[in-house]
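Step one of this worksheet: look at the structure below.
Values quoted throughout were computed directly from the atomic coordinates according to the rules given, and no laboratory measurement underlies them. Owing to the predicted nature of the structure, the values given are computational and were not obtained by experimental measurement. Counting neighbours? That spans all protein chains shown, and the Cβs are built from the backbone with ideal geometry, glycine included.
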Amino acid sequence: MKARCDFRGRLLFAMLLVAWALAVEQTHADFVFGPPENLGMPFSSPSGEGLNCVSADGREMYFDSYRAGTFGNWDIWWVTRNATSEGWGEPTNLGPLVNTAYADACACISADGLELYFSSNRPGGCGADDLWMMRRPTTDDPWAEPVNLGETVNSPDVDFAPWITTDGLELYFSSRRAGGFGSDDLWVARRPTAGSPWEAPMNLGSTVNSPESDAFPFVTVDGLCLLFSGDWQAPVRTGGLGDVDIWMARRPSTADPWGAPANVGAPITGPHLDCQPVVAPDGSTLYFCSERPGGLGGIYGDIYQATITPVVDFNADGVVDIEDLRILIDCWGQSDPSVDIGPMPWGDGIVDVNDLKVLIRHWGEVVP
């Protein structure tokens, strides 16, 4: 009798282990986008706006516009706020040092605030549209005269939409140069130090680029997510939802290559143009442009924002509680994407205290 009880006990224990393993295997941590909200006036106008970037401290936003008050074409504008918890002020034209009678757009400011990259079709470049940059000694100083990045980076074709990474060592951009896979491709130029010249750009390859338009690259501050979209009136990437869409590629670490892009889907993308994605430095908000109904119109439409929220209810029982904590502890120290939710919503490649902090912030929440 004792042997039979021992066997039943071991069998029950084994069944519990299998059930626990299945529960862990079926966890589904991820992140979701909230409903897009139009930022409205003064960001949007009937002329249309193109979103550029948000500064590293989250207190400056740059965008380009053809609205009244330009110097003759698309100009770069900026808007500030005193704190990330406060509203934005009135937009200001960046002035004649950067803006000309030609199209000046797609600004990206470096993390230290001392370099500003942009694209322009002004005279003095290498091709139809070139990448330019300006420097300043400190953030309190004025910008110096714009400098063309030269033939090492620019080509005789269209080069636009630069994006410099947080460490200042990679410059992503869009180009229609020879050697690509389609209409617009994503390229990256690198440099060993922030003071070094840029090296010859490399195409991101067929894993990321398609035969259609792939443009407006954005890399999150941790370097683990690449977002991009197509461009207005360019061939639309297949597999989307009807028009220009926003796509996301990920990588486990900054030393790894980018994975295959996935469409970010509803509620961000739809049958209308959605483009030029930018994620807030803390990973909490996605900004983008859209021509969806309800806006003021114009090329690229209006500027929208949507929250980014990690999925913390790992076992999908409707509440964030001790069961989710147990799942996180079981995966502690592992590279498990199912519960890797911190410090950014998409994780950092390892389950650790960063993920625990995020879980605690959502503790007790009831999930619909």
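Observations on the model:
- Near-label residues of the range 162-191 by backbone N, under 17 Å of a point 7 Å along Cα→Cβ of residue 254: 163-173, 188-191
- Computed E for residue 335/residue 59 - FRET, C-beta separation, R0 41 angstrom, nearest 0.05: 0.75
- Within the range 56-143, the proportion of C-alpha pairs whose separation exceeds 23 Å stands at 23%.
- Environment charge of residue 199, counting only residues whose C-beta is closer than 9 Å and scoring Lys/Arg +1, Asp/Glu -1: +2
- Under the Karplus curve 6.51 cos²θ - 1.76 cosθ + 1.60, θ = phi - 60°, whole-Hz ³J(HN,Hα) for the range 216-225, x wherever Gly or Pro sits: 6, x, 9, 10, 5, 4, 7, x, 9, 10
- Leading residue at positive end of dipole, the chain (Cβ point charges), from 201, 295, 258: 258
- Computed about the Cα centre, the dipole magnitude for the chain is approximately 680 debye when only Lys and Arg (+1) and Asp and Glu (-1) carry charge, each at its Cβ.
- Protection proxy ranking, highest mean first, for peptides 172-185, 316-329, 254-267: 172-185, 316-329, 254-267, where packing is the per-residue count of other beta-carbon atoms within 10 Å, averaged.
- Computed from point charges on the beta carbon alone (+1 for Lys and Arg, -1 for Asp and Glu), the dipole magnitude for the range 65-224 about its Cα centre is near 140 Debye.
- Multiplying the residue separation of residue 322 and residue 206 by 0.36 nm and subtracting their alpha-carbon distance yields 37.4 nm.
- The reciprocal of the average 1/r between distinct C-alpha atoms defines the Kirkwood hydrodynamic radius, which for the chain equals 22.0 Å.
- The dipole here belongs to the range 20-141: it is taken about the Cα centre, uses +1 on the Cβ of Lys and Arg and -1 on the Cβ of Asp and Glu, and is about 260 debye.
- Between the range 321-357 and the range 140-185, the alpha-carbon centres lie 36 Å apart.
- Hull volume in cubic angstrom per residue (convex hull over the Cα atoms of the range 250-326): 165
- Ordering 229, 148, 50 by the projection of their Cα atoms onto the charge dipole of the range 32-308, which places +1 on the Cβ of Lys and Arg and -1 on the Cβ of Asp and Glu, puts 229 at the extreme positive end.
- Using a simple spin-label model with pseudo-atoms 7 Å out from Cα toward Cβ, residue 32 and residue 266 lie 1.3 nm apart.
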